[in-house]
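The values are calculated or read from the model by the stated rules, or taken from the named source; none is laboratory data. If you're wondering where the values come from, they're calculated on a predicted model, not measured in any experiment. All Cβ positions, glycine included, derive from the backbone under ideal geometry; neighbour counts span all protein chains shown. For the accessible areas, the whole protein counts, side chains as well, though only heavy atoms, and no ligand, DNA or RNA atoms are used. Shrake-Rupley method; radii C 1.70, N 1.55, O 1.52, S 1.80 Å.
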Amino acid sequence: MSQRKFISKEELSMMWRYLFYTFSIAWGTEFLLIMLYRFNLLSENITLFLYFTAIGFGAGA
C-alpha cells in the first residue's frame, strides 16, 4: 500500500498564491481587453486578435 502524502502549510500557501495570481492575470487580461473594446480604444479585429492570442498563451480561462 502506498502512503498518503500530506501537503505542508508552506506548500499549501504557495499553491493558493499561485492559483490567485494565475486567475488574477487571466481575468485581468480578459477584463482589460473587453473594456478597451467597449470604450472604443481598440477596433474589433485587433481586440479579437489579442483576445485569442491571450487564450492561446493560456491567459484566458
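How many residues, within the range 1-50, are open to solvent by 70 Å² or more (accessible area, probe 1.4 Å) and among the hydroxyl-bearing types (Ser, Thr, Tyr)?
Counting residues in the range 1-50 that are open to solvent by 70 Å² or more (accessible area, probe 1.4 Å) and among the hydroxyl-bearing types (Ser, Thr, Tyr) gives 4.
Suppose the filter is charged (D, E, K, R) and touching a residue at least 12 places away in the same chain (Cβ under 8 Å); does GLU30 pass it?
Criteria met by GLU30.
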